[in-house]
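All remarks here apply to the structure that follows.
The values are calculated or read from the model by the stated rules, or taken from the named source; none is laboratory data. The shown structure was predicted, so the numbers you read here are calculated from the model rather than taken from an experiment. Glycine gets a Cβ as well: all are built from the backbone with ideal geometry, and neighbour counts include every protein chain shown. Note: accessible area is taken over every heavy atom of the protein model, side chains too, but ligands, DNA and RNA are not part of it. Shrake-Rupley method; radii C 1.70, N 1.55, O 1.52, S 1.80 Å.
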Amino acid sequence: MTDTAWMADETTNADEIVEDVETDMTDTEGNVEEATAEPEHLDDEALDLGESDEDADSGKSKARTQAQSKGRDKTLIRRTVRKMLDVQGAEDDVRHVAASLLSKDESDVEGLVVTILTGDSRKANQPMSDLEDLMEADAIEMSANATALGKDRLKALWSLLGDLGKAEGSLPAGIAPAAIQIAKIISKDVSDDDMLTLTAVADLMKKA
C-alpha cells in the first residue's frame, strides 16, 4: 500500500469515528433533554397527599377551636343558670341588699344575674368590707377608722346600714359627724345575724 492510500484509509477511519462520536453525542443529548424535560402529567397522588395533610391539619385545628368554643359556651350557660337559681332562691333581705349594692331593681332577676356575672364585684363589695373592718375595732378606734374612709365610702356604708334597717334619713354633714354616727350605729345595732346576712349577700354576688 502506498503512503497516499494509507493516509486515505486513515482519513476515512477518522471520519467514521467522528461520525460515531457525533452520533453518540446526539443520542446522549436527546436522552438528557428527555430526562430534564418537565413531565406532561404531574403525579396527582403526590400532590393530593400534600394537600390532604394540610387540609387534615386545618380541619383538626378548626375542630379543636370549635370544641373549645362550645366548652366555654357550656360553662357560661351553666354559670348563668346556676346564678339565676341562686338569685331566685335567695332570701328577700339578701336579694334586697345585693340589688341595692349593685344599683339594680331587686325584682329584675335577669338584670341582677347579668350584673353579678359581668360587673366589678370589688366596688360593690366595698361597703360590706368596710363594715366588717369597723366591726373588728373597739368603740374608740371605730370612729377614727370610719373617718379615714372618706366621704364617698361613708355614704356607701350609710346606704348599706339603711338596707339592713339600721339607719334612717340622711347622713350627717361633714366627715367627722358622719363617722361618729356610723360608729354608734355599728357598735349598738349591727348584730351577728346582720353579718350573716351580709355573708349570704357576698356569696350571692360571687361570679361563680
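Whenever a residue of the stretch 187-208 is free of Cβ contacts under 8 Å to residues at least 24 places away in the same chain, it has no partner that is basic (Lys, Arg) and open to solvent by 80 Å² or more (accessible area, probe 1.4 Å) lying with C-beta atoms less than 9 angstrom away and at least six residues away or across chains.
Please find, within the stretch 159-178, the residue that is farthest from the chain's Cα centre (by Cα) out of those that are surrounded by fewer than 12 Cβ atoms within 10 Å (Cβ to Cβ) and under 21 Å from residue 195 (Cβ atoms). Only one residue tops the list, namely 168. Elements of the type helices (runs of 4 or more DSSP H) sitting completely within the stretch 70-158 and holding at least 2 residues that are within 16 Å of residue 198 (Cβ to Cβ): these cover 92-101, 121-135. Would you confirm whether or not the stretch 139-151 contains a residue that is under 30 Å from residue 91 (Cβ atoms), open to solvent by 30 Å² or more (accessible area, probe 1.4 Å), in contact with a helix residue (DSSP H, G or I) (Cβ under 9 Å, 6 or more places away or on another chain) and basic (Lys, Arg)? No: zero hits. Does at least one position in the stretch 73-96 carry a residue that is open to solvent by 80 Å² or more (accessible area, probe 1.4 Å) and modelled with pLDDT under 75? Within the stretch 73-96, not a single residue is open to solvent by 80 Å² or more (accessible area, probe 1.4 Å) and modelled with pLDDT under 75.
Looking at the stretch 165-202, which of its residues are in a helix (DSSP H, G or I) and in contact with an Asp or Glu (Cβ under 8 Å, 6 or more places away or on another chain)? If the condition is that a residue be in a helix (DSSP H, G or I) and in contact with an Asp or Glu (Cβ under 8 Å, 6 or more places away or on another chain), then 195, 197, 198, 200 are the ones that fit.
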